[in-house]
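This report refers to the structure that appears directly beneath it.
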Amino acid sequence: MKEFFLARQPILCSAHNLVGYELLFRRASTGPANVVDDLSATASVIAHASELGIDNVIGNSLGFFNVDAAVLMCDFINFLPCDKVVLEILETVKVTPELTARVLELHKQGFTFALDDVISESEELKSLLPMVKIIKIDISGMSKAELMRLAHHFKQQNKILLAEKVETIEQCRDCVEAGFDYFQGYYFARPVILTGKKLSSSQLVIMNLLAQIAADAETNHLEQNIKKDASLVLTLLRLVNTPGLGVTHRIDSLGQALTVLGRRQLQRWLQIILYAEHSKGNHFNSPLLQLATTRGKLLELMAEKLHPGNRAMADTAFTVGIMSLMDTLFGQSMQQILEQVSVVDEVSQALLHRAGFYGDALKLAEYIERIDRAGALPVPTLQKIGLAMEDLYASQLAAFEWSNNLSRA
């Protein structure tokens, strides 16, 4: 396993809630010109699914796996829980009577199938369509007219449409108009600077609280300000009582929470809550929140591994990861945000210029998130900060599980 990079790419519904992840596996030695789906890596992970702990990687979401004919024909496909995964049949797969029979067999066992990178109404794929639930369409380079035509064709066959490589809000809107159901890409994480955008009232309260913590305000003053927003109190109590997040007994009051947590943990939870619209339903299913918490925890774990016993460094690393998406969250430039939030120079240099240890760690996290585009870039960054591949892999799994616990709570 330590020869592979693992990445998960979010898949969202039309309401921009998280529904699944495509799991990508890349050989660490792969060069930038040869970054393609490595099915031997996928097969290896499937074969070791029990050791990997699929639930730790995808949480309550679906996991999408790329498969070819060789993988489909192997018995180890049954290592995967059929109710938790979608098997994506690659566009390069040659459709044969044997393959069609195998797909039908797995379909009857309860597996869900998708066709990957569909670009036309291929005659060759017709034998598979009755067993296929999801059609994935790569929208990059496709005209809006062609997108509409292809979407209409498959909608008439009652297929779920998934648009992949959606990188801008405009592309997402075109796909919604065309009738797509799911969307894969990082359009939700791209900063769109909105002139004059103001923070919500709850975000303003949290920003003021973070400023008070930085200024070492009295605990009773913090408690009074938190109590001004009842939904913030409920969200904070819900978060601190999440299983597996470090609190050993039930916390029932705000005063108790502040006493047990201390300033460091309070600051952490407030940073997390900034990403949650806690006046709305299932706010912990936000893909931006999941991405930010995963980054924060991954950077924290990397710092702990490289600098054991240095709690302050681990806390700073977590802050860098969490804050790295605040330009998207607030619709403001990172420079504007840092004018409102008091941070040390190392944090601002990491966020603005990806400089220093924290900047390198953040770059590594970003490379892995988009491993299909990063090529060989993660390898020298790993070497620069001195982190072993197996330690990165273990930290990733722990970060995924920690972030998933937030949405499960």
Where does the chain land on the Kirkwood hydrodynamic radius, alpha-carbon pairs, in angstrom?
-> 22.7 Å
Do any of LYS108/LYS159; LYS165/LYS297; LYS144/LYS363 go past 29 Å between their Cα atoms, and which?
-> LYS144/LYS363
So what are the ³J(HN,Hα) numbers for region 217-232, from phi and the Karplus equation (6.51, -1.76, 1.60; θ = phi - 60°), rounded to whole Hz, Gly and Pro as x?
-> 5, 5, 4, 5, 5, 4, 4, 4, 6, 5, 5, 5, 10, 4, 5, 5
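In deg cm²/dmol, rounded to 500, what helix-only [θ] at 222 nm does the chain give when every DSSP H run of at least 4 residues adds -39500 (n - 2.57) and the total is split over its residues? Before the final figure, lay out the partial values.
Details: 20 runs with 211 residues, N = 409.
For the chain, the value works out to -15500 deg cm²/dmol.
Using 0.36 nm per residue of separation minus the Cα-Cα distance, give me the extension gain between GLU390 and SER231 in nm, one decimal.
Details: separation 159, 0.36 × 159 = 57.24 nm, distance 4.10 nm.
Length gained between GLU390 and SER231: 53.1 nm.
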Ranked from highest to lowest mean number of other Cβ atoms within 10 Å per residue, what is the order of the peptides 394-401, 373-380, 313-320?
-> 313-320, 394-401, 373-380
List every residue whose amide H lies under 5 Å from the amide H of PHE64, counting only residues 5 or more places away in sequence or on a different chain, with H placed 1.01 Å from N in the peptide plane.
-> TYR21, GLU22, LEU23, VAL86
Hey, with R₀ at 45 Å, roughly what FRET efficiency would GLN109 and SER201 work out to, going by the Cβ-Cβ distance, to 0.05?
-> 0.35
Using only Cα atoms, tell me the angle between helix 389-408 and the longest principal axis of the chain; keep it within 0 to 90° and round to the nearest 10.
-> 80 degrees
Based on the Cβ-Cβ distance of GLU223 and ALA355, what FRET efficiency does E = 1/(1 + (r/R0)^6) give at R0 = 35 Å, to the nearest 0.05?
-> 0.40
If one compares the long axis through the Cα atoms of helix 169-178 with the longest principal axis of the Cα atoms of the chain, the angle in degrees, nearest 10, works out at 40 degrees
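If you stretched the chain out fully between ILE169 and ASP55, how much longer would it get, using 0.36 nm times the residue separation minus the C-alpha to C-alpha distance?
Numbers: separation 114, 0.36 × 114 = 41.04 nm, distance 3.00 nm.
This chain segment gains 38.0 nm when fully extended.
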P(r) tail for region 129-224, what percent of Cα pairs lie past 17 Å?
-> 63 percent
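Two decimals, Cα atoms only, Kirkwood Rh: what is Rg/Rh over region 360-409?
Working: Rg = 12.1 Å, Rh = 11.7 Å.
For region 360-409, the value is 1.03.
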Protein accessible area in region 299-406, 1.4 Å probe - carbon and sulfur % = 50 percent
Using 7 Å Cα-to-Cβ label points, what is the MET148/ALA312 separation (nm, one decimal)?
-> 6.1 nm
Contour minus Cα-Cα span, THR100 to LEU194, at 0.36 nm per residue, comes to 28.8 nm
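The values are calculated or read from the model by the stated rules, or taken from the named source; none is laboratory data. All of these numbers come straight from a predicted model, not from anything done at the bench. Using ideal geometry, Cβ is built from the backbone for each residue, glycine included, and neighbour counts are taken over all protein chains shown. Heavy atoms of the whole protein, side chains included, go into the accessibility calculation; ligands, DNA and RNA do not. Shrake-Rupley method; radii C 1.70, N 1.55, O 1.52, S 1.80 Å.
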